[in-house]
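The values are calculated or read from the model by the stated rules, or taken from the named source; none is laboratory data. Predicted model, so just to flag it, every value in this text is computed and none were measured. Every residue, glycine among them, receives a Cβ derived from its backbone with ideal geometry; neighbour counts consider all protein chains shown. With ligands, DNA and RNA removed, areas are computed over all heavy atoms of the protein, side chains included. Shrake-Rupley method; radii C 1.70, N 1.55, O 1.52, S 1.80 Å.
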Amino acid sequence: MIRKKILVTGGAGFIGSHLCERLLNEGHEVICLDNYFTGSKQNVIHLLTNPYFELIRHDVINPFFVEVDEIYNLACPASPIHYQYNPIKTIKTSVMGAINMLGLAKRIRAKVLQASTSEVYGDPKIHPQTEEYWGNVNPIGPRSCYDEGKRCAESLFINYYKQNKVRIKIVRIFNTYGPRMHPNDGRVVSNFIVQALKGEDITVYGDGTQTRSFQYITDLIEGMVRMMSTSDEVIGPINIGNPKEFSILELAEIVIKLTKSKSKIVFKPLPEDDPIQRQPNITLAKELLNGWEPTVSLEEGLIYTIEYFKKELNLSD
Ligand code: NAD
Ligand code: UDP
């Protein structure tokens, strides 16, 4: 096995920490870069004793110089309450972060993978979403700092590839959940589990008929690692998600059942521009990523995630 040096931006976040762990387990050397806006040292504390792991506080809106073979660019807040906290900073993180990582990849001839998102499809008018779909994003709405930032990053990646022959990969990640999600980040899976475990009301926004397709973290990491190892001609974008679609109300009911909670469901206003439906078409991923497909069902993944939150909240039964 060849030990590679790999940079993970946003490595102290939810997805990044699992990715760092996986790459170290494969025997690689990992440099984790993070400004701790939504991530934390706690997420990677178990990796700090590994001599092949290095943790650096850095903001990707500023250039960063290092010699590595591969870069995974994940730095960007992902939950609506976090990315809307400082929208201009969110845009800068996506755009300047992409420019800085692409510039670095160009100089050192590294491969660079962008963590894009299903949000580039906005509130989609075609269903399920295929990679050819251009999306339906409100450019001036409350989600635009994230959606347009990520769309601009995709454009930067494609143009560095075309203009400068940088070796790029783009994955469009669909809703992903699992241990180390921030308990207060406002995303639906963490919200519902925390509310159910604490016996608080479960807050369904709108009437709960809007849908999402939830992917367990290990399935995503497998897809991302496979994408990085594809030949240079495979650049994406490629959807990485679990095609099994659930309404938000169904999710609430499953969480209540699995936690055996006495919480009741309450309805709150639907946030502006909240997408009505979302489901990935993963034909391309299956074809190009060696038959990759999700293997963890929603119930199974939720059981692991509930266990994690019980420990986090000191609610062991
Ligand atoms: P997260 O908020 O847990 O992780 C993001 C990490 O980036 C955090 O550690 C944060 O501190 C760091 N960060 C933010 N701004 C930074 C900056 N300017 N400089 C350096 N570090 C910075 O979110 P996540 O769910 O782990 O998401 C990781 C990536 O995956 C993001 O790019 C996100 O857009 C993308 N993504 C996630 C999902 C999902 O469902 N979780 C879906 C689609 C795309
Ligand atoms: N949602 C909800 N209750 C919550 C948090 C979210 O009903 O406490 C809804 C939200 O309106 C959206 C869906 O769950 O329709 C997914 O929200 P999340 O923020 O997790 O992801 P995104 O909207 O970015 O896909």
Mind checking the alpha-carbon convex hull of the stretch 90-130 and giving the volume per residue in Å³? 80
Using Cα centres only, tell me the gap between the stretch 215-264 and the stretch 81-118 in whole Å. 22
Calculate, axis by axis, the spread of Cα positions in the chain along the three principal axes, and write the results as whole Å, longest axis first. 56, 45, 39
Each label point is 7 Å from the Cα along the Cα-to-Cβ direction; what then is the distance between the points at D207 and L315, in nm? 2.9
Which of Q129, Q277, Q163 moves most in a GNM of the chain, Cα contacts under 10 Å? Q163
Percent relative contact order of the chain, based on C-alpha pairs within less than 8 angstrom and at least six residues apart? 17
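When the chain is fully extended, how far beyond the present Cα-Cα distance does I108 get from S229, taking 0.36 nm per residue of separation? Intermediate values should be presented prior to the final figure.
Numbers: separation 121, 0.36 × 121 = 43.56 nm, distance 1.80 nm.
Taking 0.36 nm per residue and subtracting the Cα distance, the gain is 41.8 nm.
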Using the Cα gyration tensor of the stretch 33-87, the equivalent ellipsoid's semi-axes, largest first and to the nearest Å, work out to 22, 16, 9
Counting DSSP beta bridges with both partners in the chain, what percentage is antiparallel, nearest 5? 10
Entries of K165/K286; K169/K286; K198/K257; K111/K169 with Cα pairs more than 19 Å apart: K165/K286
Taking the Cα of E26, stepping 7 Å toward and past its beta carbon, and measuring to each backbone N in the stretch 150-171: which are under 19 Å? 167-171
Helix runs (DSSP H) in the chain reaching 24 Å along axis by Cα, Kyte-Doolittle at least 0.5: 87-108
Excluding residues on the same chain fewer than 8 positions from K268, give the lysines whose Cα lies under 18 Å from its Cα. none
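Counting only protein heavy atoms and a 1.4 Å probe, tell me what percentage of the stretch 113-156's accessible area is made up of carbon and sulfur.
Working: 1010 of 1750 Å².
With neighbouring chains kept in place, the figure for the stretch 113-156 is 58 percent.
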Translational D in µm²/s for the stretch 47-130 (Stokes-Einstein at 4 °C, 1.567 mPa s, Kirkwood Rh from C-alpha pairs): 87
Stokes-Einstein at 4 °C, 1.567 mPa s, Kirkwood radius from Cα pairs: D for the stretch 1-107 in µm² s⁻¹? 93
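Can you put C76, C20 in order of accessible area, largest first, using a 1.4 Å probe?
Details: C76 25, C20 0 Å².
Putting C76, C20 in descending order of accessible area: C76, C20.
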Å² of accessible area per residue within the chain, as computed with a 1.4 Å probe and no ligands counted: 45
